[in-house]
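The values are calculated or read from the model by the stated rules, or taken from the named source; none is laboratory data. Treat the numbers as computed from the prediction; the structure is a model and nothing was measured. Don't worry about glycine lacking a Cβ; one is built from the backbone with ideal geometry, like all the others, and counts go over all protein chains shown. Protein only, heavy atoms only, side chains kept; ligands, DNA and RNA dropped before computing areas. Shrake-Rupley method; radii C 1.70, N 1.55, O 1.52, S 1.80 Å.
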Amino acid sequence: MAVCGDKRCFVGVIFLTLIGVLVLYHIQVDTSFGSINKNHWITELGRHGIRYPWFVHGSQNLKPKFKVINMTSYKTHARWLQNNTINFDWVTSANHTTVEIVNPRPFYTVGDILHMEIIARDGKGRRKLYGGDYFQAVLKNSSIKGSTAGRIGDHGNGVYTITFVLSFAGTVTPEIFLVHVSEAVLLLEQFRKVPNKRKWFCGFQDGEKKFKKSCTFFANQSMSLTDQCDFSAPNTSRTWFCERPRDVPCEAITRCQSTKYYEAVDAMVSIEQRKLFQSPFWKAILSCRNATVLVKPSNDAISSLPSCRPGMARGQSEGYWSNGQWNSLTCRAKQFGAQNISTCLANRTVHFLGDSTIRQWAERLVQRGIVEQGPGNRMKGPYTNINRLHGFQISFRFHTVPQQGSAQFTFKNLTKRGVSVEIKDMIGGPHLVIVLSLGAHFAAEPIEVYRLRLAEIKSAIDELQRRYPGTKVIIKTCNTRSQRDYRDMVMQSDWLLDQLNQEIRSILGNSKVTILDVWEMTMSMWYRHNIHPPRRVVDNEINLLMSYICPNENPDLT
């Protein structure tokens with residue numbers, strides 16, 4: 001019999017103990033998401049070669065630099081989900097989570113930074129030991145309709161810091177919202193990886209023969225490829241698969257329309273999990289200690305901002321609202337009246353490519369009498385609006401698949417259609433401005449789809465600007481939006497959209513591209529969040545756009 005008294009035996013015992021812990025760890029990981037793995041959506045996910053990663057939250061966007069597994073914190077983390085049921089006592093609680101100002105003062109001065117600290121606690125009031133909760137923070141002054149968004153840092157241990165740039169004087173009050181608890185964020189990340197949560201119906205017509213068939217963004221794993229029409233453009237993110245109609249060629253496809261995604265989401269999200277996307281775990285306002293802050297005007301001269309141009313460094317705040325006007329803190333943005341916009345765009349061609357949030361800009365220029373509405377499909381394009389007096393034109397075309405919404409769209413050959421294809425075919429130069437907005441329709445897809453789409457567009461932009469120096473390219477970030485229930489959140493939560501904004505900065509940040517950031521503008525606006533904000537907000541977005549197109553133009557408020 002071996003006696004465990006020497007160092008070698010002691011090391012052996014430690015080694016066997018570690019092996020046992022690792023085995024138990026894998027068992028826990030395999031069973032923690034047992035309820036998810038039972039449905040066919042996760043089976044389909046597995047067929048695509050995607051697996052659920054598990055790691056301790058290390059940052060707000062769930063992408064720590066190192067996937068360090070700490071067994072103590074892992075076990076603490078796992079307690080909220082045991083035996084396929086959620087223990088809501090372990091979930092972040094807005095009632096117990098505390099928010100307070102760090103080192104409060106009797107008063108602050110315009111230009112100061114206000115620091116606040118959030119300590120997340122669960123339903124029993126216990127301090128949480130991991131991060132991942134998704135907050136939104138806005139500082140408001142009701143007397144001047146002043147507001148600005150706060151930046152939130154996740155320290156990965158249940159502590160979060162908020163920084164506000166104090167940009168306007170008066171009595172200000174912070175509003176801090178727990179939008180998603182970390183447990184819901186983890187689910188959002190997992191559900192995003194599931195392909196084909198949405199489906200479309202496309203028409204096929206060949207003479208008198210008409211069919212309507214189901215279509216998906218990825219190949220339908222329950223059908224053989226021979227039973228599907230593959231419309232995908234090779235080696236791109238532009239993929240499209242439809243059930244093959246009988247006795248009609250695939251080329252007979254005509255128009256497509258998205259369907260409701262309720263059935264897919266309901267099959268994927270359990271009854272228990274849905275509670276994480278409802279009150280009190282969703283968009284709960286936090287109670288702030290010593291919330292009211294007095295801000296006095298500054299006697300210091302305000303340093304002038306640089307002109308708006310590509311490659312602007314991202315500061316501590318994008319800007320602030322005051323009396324209905326957005327004031328940029330990134331660059332010297334101006335207020336543009338109708339006449340000034342016409343002067344700015346004289347002899348230019350502006351292509352708006354993307355989604356309905358950028359179509360709003362084209363529509364608003366028509367409403368203000370700056371351009372005449374041209375013929376074409378008002379929802380999807382293409383159409384061209386013209387200003388004959390100043391010799392400029394503005395076109396709009398919706399991006400290609402995926403497109404979510406009630407409006408039908410004509411399906412075009414994906415090897416010949418797409419933002420990257422259209423950019424490559426353009427003749428650029430100082431007269432050409434390309435304005436892009438791609439985000440809202442990609443939130444539900446695996447993040448790799450968006451990354452690849454942006455990479456294709458970046459390659460096309462780089463090639464165009466190499467051939468035609470001076471071509472301006474501007475890409476707009478996503479707007480915040482409203483959600484009605486767990487279905488909307490799983491498909492188009494603000495957290496999902498915010499991740500797309502991070503991809504824009506990561507992939508296009510080093511290019512000669514202007515990133516026109518409207519996220520904080522729409523987050524802090526004095527209206528309910530809406531993917532299509534009201535006219536006042538759209539006008540301020542257009543002011544920012546024109547400031548990048550014509551940074552040296554004198555303002556004209558007519």
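What to note about this one:
- Figure note: Lys128, Lys199 ranked by solvent-accessible area, largest first, 1.4 Å probe, ligands and nucleic acids not counted: Lys199, Lys128.
- Euclidean distance between Cα centres, the range 447-515 to the range 163-235, Å: 15
- The modelled label-to-label distance for the pair Asn235/Ser482, using points 7 Å beyond Cα in the direction of Cβ, is 4.6 nm.
- Solvent-accessible area of His431 with every protein chain in place, 1.4 Å probe, in Å² to the nearest 10: 80
- Contour minus Cα-Cα distance for Ser287 and Asp206 (0.36 nm per residue): 22.9 nm
- Alpha carbon convex hull of the range 346-407, volume per residue in cubic angstrom: 72
- Our estimate of slack between Ala407 and Arg528, defined as 0.36 nm per intervening residue step minus the Cα-Cα distance, is 41.1 nm.
- Computed about its Cα centre, the charge dipole of the range 180-303 is approximately 340 debye, with only Lys, Arg, Asp and Glu carrying charge at their Cβ.
- Counting only heavy atoms of the protein chains and using a 1.4 Å probe, Lys260 has close to 150 Å² of accessible surface.
- Close lysine pairs were tallied over the range 394-478: pairs 8 or more places apart or on different chains with Cα atoms under 15 Å apart number 5.
- Descending semi-axes in Å of the range 183-248, equivalent ellipsoid built from Cα gyration tensor: 29, 13, 10
- Overall Cα dimensions of the range 165-291 - principal axes, largest extent first, Å: 72, 38, 30
- Ranking by accessible area, most exposed first, for Ile531, Ile162 with a 1.4 Å probe: Ile531, Ile162
- For the range 327-333, backbone phi angles converted through the Karplus equation (6.51, -1.76, 1.60; θ = phi - 60°) give residue-by-residue couplings of 10, 6, 10, 9, 8, 7, 7 Hz, Gly and Pro being listed as x.
- Using a probe of 1.4 Å on the protein chains alone, the accessible area found for Cys242 is around 0 Å².
- Here the extension length gained between Thr226 and Arg451 equals 78.1 nm, from 0.36 nm per residue of separation less the Cα-Cα distance.
- Label sites at Lys260 and Arg368, each approximated as a point 7 angstrom past Cα along Cα to Cβ, lie 3.9 nm apart.
- A 1.4 Å probe over all protein chains sorts Trp526, Trp321 by accessible area into Trp526, Trp321, starting with the largest.
- Close Lys pairs in the range 150-247 (alpha-carbon distance under 25 Å; sequence gap of 8 or more, or different chains): 7.
- Shape of the range 144-185 from the C-alpha gyration tensor: prolate (a/c of 1.5 or more and a/b above b/c, with a ≥ b ≥ c the square roots of its eigenvalues).
- Counted over the range 260-349 with a bin width of 5 Å, the fraction of Cα pairs per bin, in whole percents, is 2, 8, 9, 11, 12, 10, 9, 11, 12, 9, 5, 1, 0.
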